[in-house]
1. Which condition number does Gly143 fail, the rest of (1) part of a loop (DSSP other than H, G, I, E, B); (2) of a type outside the set (D, E, K, R); (3) surrounded by 21 or more Cβ atoms within 10 Å (Cβ to Cβ) being met?
2. Only residues that are in a helix (DSSP H, G or I), more than 25 Å from Phe160 (Cα to Cα), free of Cβ contacts under 8 Å to residues at least 60 places away in the same chain and within 16 Å of the ligand (Cβ to nearest atom): list them for the stretch 188-220, please.
3. Count, please, the residues in the stretch 89-133 that happen to be buried (at least 16 other Cβ atoms within 10 Å of the Cβ) and either within 16 Å of the ligand (Cβ to nearest atom) or not in a loop (DSSP other than H, G, I, E, B) (or both).
4. Return the residue satisfying two criteria in turn: it lies in the stretch 66-79 and is closer than 18 Å to Ile228 by Cα and either among the β-branched types (Val, Ile, Thr) or in contact with an Asp or Glu (Cβ under 7 Å, 6 or more places away or on another chain) (or both), and of such residues it is nearest to the ligand (Cβ to nearest atom).
5. Could you pull out the residue among Val30, Val19, Val51, Val66 that is at pLDDT 95 or above, buried (at least 23 other Cβ atoms within 10 Å of the Cβ) and over 17 Å from Phe274 (Cβ atoms)?
Amino acid sequence: MLVNMRDLLSAAKSGGWAVGSFSVANMEMVLGVLKAARELSAPAIIQIAEVRLKQSPLEIIGPLMVAAAKAAKTPVAVHFDHGKTEEKIDEALELGFTSVMFDGSHLSLSENIAGTQKIVSAARKYGAAVEAEIGAVGGSEDGSEDIAVNCTKPQEAQLFANETGIDALAVAIGNAHGNYKETPKLRFDILERCSKLVQVPLVLHGGTGISDCDFKKCAETGIKKINIATATFDSVEHNVAARYGRNEITNYYDLHAAEIEGAYLNAKRHMLIFGCDNKA
Ligand code: 13P
């Protein structure tokens, strides 16, 4: 069923687990993630980032995501990831997304606060949740930029959350989008301070390549939403390639099934690590 992201994250808040937020680019990925959620009785979030709309137009994939969440057997929120423009964020809200992110991480603190406040008041009219980011997560969602990590300052995070009335806050603790070149060293000291000072659930971006142990530690230290994008795309690609390699794809529908399976395997693996199985 389609649910508000606020409700999903508040259910996770009291336990040491987090909800997986999986980026999708087509129907097969949506079906794969929801299959894993159903099998594990897990809540889930499906998301698409604004930079990916050139491949998957919002007016086409948006209604598909919302319809899939409504038909799902477990609670599913539909999230607009890394919203950069008011225009696209409004479009997502109008399509029925139950959560939107305003990414003002490249702005000054005061500009980020002002921009986020605007989105919070727009989203309230739809009852949708709002995520924002403070500090800067490294890399970029589509690999087109190499943004340096700028770790979140806990006191700024506290001020930001209080001033904006957001529902979830993405923090930068050494995490980065895309495949890590070196094993990431997450700053749990910063995460602990943010978690003490900020009342709303925290979000970890750049989930691909983080160790199982670090994921668990994050989920026990205030992170309640974990974003996974690259790992989903890689899993779909690798599963398709492996099945071609074994001559198991002989028509389009074999390919379709291999894509769903790739997304399913990746989502299932992460849901089990995040501890969100049997939490629906
Ligand atoms: P990865 O591509 O590293 O999994 O990051 C996902 C993400 O944070 C999307 O916002």
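1. Every condition holds for Gly143 apart from (3).
2. Within the stretch 188-220, Asp214 is the sole residue that qualifies.
3. Within the stretch 89-133, the subset buried (at least 16 other Cβ atoms within 10 Å of the Cβ) is 89-93, 95-105, 112-113, 115-117, 119-120, 122-123, 126, 128-133.
Checking the rest, the ones that are also either within 16 Å of the ligand (Cβ to nearest atom) or not in a loop (DSSP other than H, G, I, E, B) (or both) come to 89-93, 95, 97, 99-105, 112-113, 115-117, 119-120, 122-123, 129-133.
Within the stretch 89-133, residues that are buried (at least 16 other Cβ atoms within 10 Å of the Cβ) and either within 16 Å of the ligand (Cβ to nearest atom) or not in a loop (DSSP other than H, G, I, E, B) (or both) number 28.
4. Among those that are closer than 18 Å to Ile228 by Cα and either among the β-branched types (Val, Ile, Thr) or in contact with an Asp or Glu (Cβ under 7 Å, 6 or more places away or on another chain) (or both), it is Val78.
5. Values: Val19 fails: over 17 Å from Phe274 (Cβ atoms); Val51 fails: buried (at least 23 other Cβ atoms within 10 Å of the Cβ); Val66 fails: buried (at least 23 other Cβ atoms within 10 Å of the Cβ).
Answer to the check: Val30.
The values are calculated or read from the model by the stated rules, or taken from the named source; none is laboratory data. Note that the structure is a prediction, hence the values are computed from the model and not measured. Glycine also receives a Cβ, built like all others from the backbone with ideal geometry; neighbour counts cover every protein chain displayed.
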